[in-house]
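Have a look at the structure below, then the notes.
What follows is calculated from the coordinates using simple rules that are stated; it is not laboratory data. Given the structure is predicted, the values throughout are model-derived calculations rather than measurements. Don't worry about glycine lacking a Cβ; one is built from the backbone with ideal geometry, like all the others, and counts go over all protein chains shown.
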Amino acid sequence: MFCRRCGTELQDNVCPACGYPASENPSPSASNPVAPAAADDKKSVGLNILSFFIPLAGLILYLTQKDEKPIQAKSAGKSALGGFITWFVLTVILTVLLVALGMYGFSVLQDEAAGSYETPYITAQDGEHRAYGNRYADTIFQSHSMTVVFDGVEVQFPCTYAEFTQKTGYVLEDTADVSQPLNVKNISEYMRAYNAVGSEVYIHFYNNGDAPAPAGECLVAGMTVDIWNSSTSVVLPQNIQLGGAYQAEELTKKYGEPDFVYTGNTAFVYMLWEESPYGSNIKISSGDGLRITEIDFDIYPAE
């Protein structure tokens, strides 16, 4: 070690030339003092909030201020890390929920495609005709079909002519009508039929095939029956019975708002559901404004 004053090599920590003691010579660390901490280096609530919601901003603050303001930089870095972890967890949870909802929606679409229409107001389209799903909780039906009760015997429309005659006892009055040609996707004019006791109904045929066919080979898709010409007991779904007394509000509650309502200048009135919950048209007429005197319906089969 050399004397700071004259440059002579020290002996026993004393300069032999000028007597300057080694203790007066500064230590190496004294020439490089540690810079004091900045006076405003403290945690910042504002910067912590910013770092939490924008973690990238907190990372930048930490990297640029860690030497000048280590306390503030470290606090912002911790907030950024907490914000990143929070957003990551929320993103995972949201992704799981979206995937679950997507799978549920796909399942509903599959149910619809398979012909399950038990959700209110779900519809199925088959070209020009439409079948509505379950409008009301107490409506139980199969899409594009309707079960009607004849004298206690259930008949599901549409059905074959042979099945219809076997279950109801009604046959066409004119055997030539059985051979009457019917074009594809057409419904026949009313064809008169009688049972063994002389009650009269009108049968509606529907050609659901790919080519014109005789009526007798087509489906019985509907009928018209009234109390003036028939003694047969006919009951529609929801216990709507020929000859029964119903207020219009009751029918609306069971089948929904009618597409058309006609009121004559007498007590005669009829209500028509062109897209009923059962596949197609239902018309209910009343001769005295209350008692059902005629029921007319057509069911268009689903494709």
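Could you please tell me the mean projected area of the C-alpha convex hull for segment 203-257, averaged over all directions and given in square nanometres to one decimal?
The orientation-averaged projected area of the Cα hull of segment 203-257 comes to 5.7 nm².
Taking the number of other C-beta atoms within 10 Å as the exposure measure, put Trp228, Trp273, Trp87 in order starting with the fewest.
Ranking Trp228, Trp273, Trp87 by Cβ neighbours within 10 Å, fewest first, gives Trp228, Trp87, Trp273.
Work through the residues other than Pro214 whose Cβ is under 14 Å from its Cβ and net out their charges, Lys, Arg +1 and Asp, Glu -1.
Local net charge: -3.
Which semi-axes, in whole Å and largest first, does the equivalent ellipsoid of segment 130-298 have when worked out from the alpha carbon gyration tensor as the square roots of 5 times its eigenvalues?
Taking √(5λ) for each Cα gyration eigenvalue gives 26, 19, 15 Å.
Could you list Phe150, Phe205, Phe260 so that the one with the fewest beta carbons within 10 Å of its beta carbon is first and the one with the most is last?
Phe260, Phe150, Phe205
By count of other Cβ within 10 Å, fewest leading, how are Thr293, Thr168 ordered?
With the fewest neighbours first, Thr293, Thr168 line up as Thr293, Thr168.
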